[in-house]
Amino acid sequence: MRVETANFILRCFGEDAGIEAIAGILEGNFERITNILGVVPLGQTNVCIYANQKNFHEAIGRPDAEAWVVGTVVAGEIHMVSPNNPGPGHTYDDIIKVAVHELVHIAAEVLSPDTTDNRPYLSEGLATYLAGQYKISDIAGSIRQLRQSGNADIPCVDTIIGPEWGDYVYDMGFVFMHFIVSGFGHDGLAALYRDPDAFVLAHEGLNEMWMRFLGDNF
């Protein structure tokens, strides 16, 4: 089955792949995300939806991938599991948000390929934040535990804008984006992603602000 919209060409592989729902959620979030980031992907984005996790993992060349892997971007195309058959540990709503998450990656790649490819806290944090995959209350407990352990696992700003892939890339990346928006708005979010090093240089004391934000909120 194939569905074409203004900004997407969607194909499903297998029955009951939820193609209409994915088309709707992607078009429904396209303007919001591109407006925030100030970029528009060139042309229509291809979206491939697979009937189950096994088919999806095989299609992306990762047949032994973990069950949490339910969406990805490959060569500028979104590949994802059907929301109607999300697999273990996921729900229909989870997969709907995964579609938005991958759309953020597509738009962010236009804003800064370097950040998308080399700075996982920023890349995954931005996608998780704009897709609304967490609420602060969902992860507050785990962050408090990290802080109570002596902050050993709390990433500083230099770590967050760097190439390191840590255990808390998604949730701490999300919180960092929340911190940036609370202090600098969506313009700051786009500026950070476009050139992280320049953003940090332009905002002296950003790490102290970040640690204070964590102390005040967690």
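Each reported figure results from applying straightforward, stated rules to the coordinates on display, with no laboratory input. Fair warning: this is a prediction, and the values are worked out from it, not measured in the lab. Cβ coordinates were reconstructed from backbone atoms using ideal geometry, including for glycine residues, and neighbour counts include every protein chain displayed.
With respect to the chain, whose longest principal axis is taken over its alpha-carbon atoms, helix 169-194 is tilted by about 80°. Spin-label model, residue 92/residue 158: points 7 Å from Cα along the beta carbon direction are separated by 4.9 nm.
When the GluC sites (Glu not before Pro) in the stretch 6-96 are filtered for DSSP coil states and for at most 15 other beta-carbon atoms within 10 Å of their beta-carbon, the remaining sites are 15, 66. Measuring from a point 7 Å past the Cα of residue 3 along Cα-to-C-beta, which residues in the stretch 18-52 have an amide N at less than 15 Å? 18-30, 45-51, by backbone N distance to the label point.
For the stretch 84-172, the list of chymotrypsin sites (Phe, Trp or Tyr not before Pro) that fall in a loop by DSSP and count at most 11 other C-beta atoms within 10 angstrom reads 165.
On the beta carbon distance between residue 74 and residue 217, with R0 = 22 Å, the FRET formula returns roughly 0.05.
Of all DSSP bridge pairs formed entirely within the chain, close to 40 percent run antiparallel. I need the calculated FRET efficiency for the pair residue 202 and residue 64, taking r as the beta carbon distance and R₀ as 35 Å, to the nearest 0.05. Calculated value: 0.20.
Beta-bridge orientation, the stretch 2-111: approximately 40 percent antiparallel, per DSSP, counting only bridges with both partners inside. The label-point distance for residue 117 and residue 32, in a model that sets each label 7 Å from Cα toward Cβ, rounds to 3.0 nm. Taken along its principal axes, the alpha carbon cloud of the stretch 20-117 reaches lengths of 36, 26, 21 Å, longest axis first. Using Cα-only point scatterers and the Debye equation, what is log10 of I(q)/I(0) for the chain at each q in 0.08, 0.11, 0.18 Å⁻¹, rounded to two decimals? After summing over all Cα pairs, the log10 values are -0.29, -0.55, -1.29. Helix 92-111 axis versus longest C-alpha principal axis of the chain: approximately 70°, rounded to the nearest ten. For the stretch 123-217, the alpha-carbon coordinates run over 32, 27, 25 Å along the three principal axes, in decreasing order. Just to confirm the number: angle between the C-alpha axis of helix 120-130 and the first principal axis of the chain, 0 to 90 degrees, nearest 10? Here the helix axis deviates by roughly 70 degrees.
Which of the chymotrypsin sites (Phe, Trp or Tyr not before Pro) found in the stretch 1-86 are loop residues per DSSP with 15 or fewer other Cβ atoms within 10 Å of their Cβ? Of the chymotrypsin sites (Phe, Trp or Tyr not before Pro), the ones in loops of the stretch 1-86 whose Cβ has at most 15 other Cβ atoms within 10 Å are 68.
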